[in-house]
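In what follows, a single structure is set out as structure tokens and then discussed.
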Amino acid sequence: MSNRYSFIGGQQGTWQVVDVRGVLGPSLERVERVNIVNDAVTALPPNSSWVLQSVISNIRYANRDELNTLRAIQPGLNRAEAISAVLIPIKKSPQWWEMAQDERRAIFEEQSHHTAVGLEYLPGVARRLLHCRDLGEPFDFLTWFEFSPEQTKAFDELLVRMRASKEWEYVEREVEVRLER
């Protein structure tokens, strides 16, 4: 199985688009559906408006204890009850990338408590972080969330908390794509 994933916005795909909203900076074009392909899609498929390329990589800001905790309670994706999803592409500012890894870690975890906050919403809200920055994509990260409709309020609360954190001061572009299966 490839560690490459392409998110294709167009007229085909498993996920029906409910809403597309630019949170910071330009949005993505509104499409009917999103198809997720476990491979690199190098050309825009017919009847599609955009393709976001990504790769699953190592977890960069978690220490061993945090990683072990995440792995113990993080549910898998594609659960039958998880018919709601949100794709959030994010681009961070040049100031973020000019910092050393330990400085970013301090903001990410010690100040913003990113992992600790996220753990509070597991296992109800499953997530996967994909990286795009080194692929020359318009976003640095794609964050994919899946949950049952009953978890929508909890997911919305998670977003409010994340967006109020110190880390989000370094986000210069963010788009929220709400989906249903």
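Where a number appears in this text, it was derived from the coordinates with a stated rule and is not lab data. It should be emphasised that the depicted structure is a prediction, and the values quoted were computed from it without experimental measurement. Here the Cβ positions follow ideal geometry from the backbone for every residue, glycine too, while neighbour counts run over all protein chains shown.
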In the P(r) worked out for the stretch 72-158, what percent of Cα pairs fall beyond 14 Å? 70
Go through 68-78, 165-175 and give me the packing order, highest mean Cβ count within 10 Å leading. 165-175, 68-78
Top positive-direction residue, dipole computed over the chain with Cβ charges, set Ser84, Asn35, Gly25: Asn35
Considering the options Leu158, Ser54, Ile107, tell which one lies farthest towards the positive end of the dipole of the chain, charges being +1 on Lys and Arg and -1 on Asp and Glu at the Cβ, about the Cα centre. Ser54
Kindly provide the Kirkwood hydrodynamic radius of the stretch 4-180 in Å, to one decimal, from all pairs of distinct alpha carbon atoms. 16.8
Compute the relative contact order of the chain as a whole-number percentage, counting only Cα pairs closer than 8 Å that sit 6 or more residues apart in sequence. 33
